[in-house]
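Scroll down for the structure; my scribbles are underneath it.
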Amino acid sequence: MSDMPDFATLALFCAATLALLLVPGPAVLFIVTRSVAQGRSAGLVSVLGVHAGSVVHVVAAALGISALVAASATAFTVIKYAGVAYLVWLGVRKLMNRTAASAEDVAEIEVHSKRRMFWEGFVVNVLNPKTAIFFLAFLPQFTDPAAGPLAPQILVLGLVWMGLGMTTDGTYALLSSALAGRVRRSTRARRRLDIGSGLVYLGLAALLTGEKA
């Protein structure tokens, strides 16, 4: 199809994307934290949530919404600090959590937490302005106006990026979940993990705050 990137372009895009995805960022830290805290299934659900959020950025980039956000300092700032506020809320909630769940509570929490983790991953990624700017700055470099409309090309590249991202993030989730069993058996370890998770969220919030609009 004329509006599809050619094989050489896709190969170069895949290589560049993998190089970026293998460097842990906010999404990877979120997934690893969830995997260590609650195991493999929690990590994989978080991966799905994060990349459901990626769909929003792909569609936005294809429709030109990301360009509008990047050009508007006010819009960028609103999205940036909404994401920061959410991460701060997650971090404070973890730091304030002093309850040790019973076995029955854990079973009940797992039923609801998977849904919650999916949407947390979704919101964390959607409200991450760095992801929007990434799609705005990165995807168009692999498009060719002479090959046809840019929107279909960006959609194809976005879907490829999501596929590679789910693979690398899923690998991070599986590897980090190997620690989950030992952590869950210790109430003290769970509390330390809550503190560590809270500090991770607050650290991510500080990182986003330091980004220039």
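Only the coordinates and a few stated rules stand behind these numbers; no lab work does. The shown structure was predicted, so the numbers you read here are calculated from the model rather than taken from an experiment. As a convention, Cβ positions derive from the backbone with ideal geometry for all residues, glycine included, and neighbour counts pool all protein chains shown.
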> Among F134, F7, which comes first, then next, by fewest other beta-carbon atoms within 10 Å?
Replying inline: F7, F134
> Taking neighbour counts of Cβ atoms within 10 Å as a proxy for exposure, in what order, fewest first, do T17, T171 appear?
Replying inline: T171, T17
> What ranking do D6, D169, D144 get, fewest neighbouring Cβ atoms within 10 angstrom at the top?
Replying inline: D6, D144, D169
